[in-house]
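Read-outs throughout are calculated quantities, based only on the coordinates presented, and are distinct from any laboratory measurement. Every value quoted in this text rests on a predicted model; they were computed, and no experiment measured them. Every residue, glycine among them, receives a Cβ derived from its backbone with ideal geometry; neighbour counts consider all protein chains shown.
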Amino acid sequence: MSYAHLSFRKHALEQMFKRNIGEDDVRFVLEHGEIIIEYFDDTPYPSRLLLAWRKSRPLHVVAADNPDDQVTIIITAYEPDPSLWEADFKRKKRL
């Protein structure tokens, strides 16, 4: 589930700026991405890691939903490092 209204954490905005990831990229991941990890114990809201390929570029977005305010909180967004992730970018490599 994702809400139309997004709230970007400072860390997310910093990472997005450094990595040339726009809000439209984040929305694409939320709408078309696959949940690869769910963090049910995160507080104050459970979060999830999503993966989508945008213009042949893999992108990860970590997001949480605040149902009280009907907002999706963007915690971070980044292009996964191939040295840390398997080729499909769905699983971390065992180092």
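Between the Cα long axis of helix 23-32 and the first principal axis of the chain there is an angle of about 90°, rounded to the nearest 10.
Averaging the sequence gap over all C-alpha pairs within less than 8 Å and six or more residues apart, then dividing by the number of residues, gives the stretch 1-55 a relative contact order of 29 percent. Applying the criteria of a DSSP loop state and at most 16 other Cβ atoms within 10 Å to the trypsin sites (Lys or Arg not before Pro) of the stretch 35-95 yields Lys55, Lys90, Arg91, Lys93, Arg94. For the peptides 10-17, 24-31, 82-89, residues were scored by their other Cβ atoms within 10 Å and the scores averaged per peptide; the highest-first order is 24-31, 10-17, 82-89. Note on Asp88/Asn66: beta-carbon distance plugged into 1/(1 + (r/R0)^6) with R0 of 41 Å gives a FRET efficiency of 0.85.
Note on the chain: Cα Rg divided by 2.2 N^0.38 Å, N the number of residues, gives 1.03.
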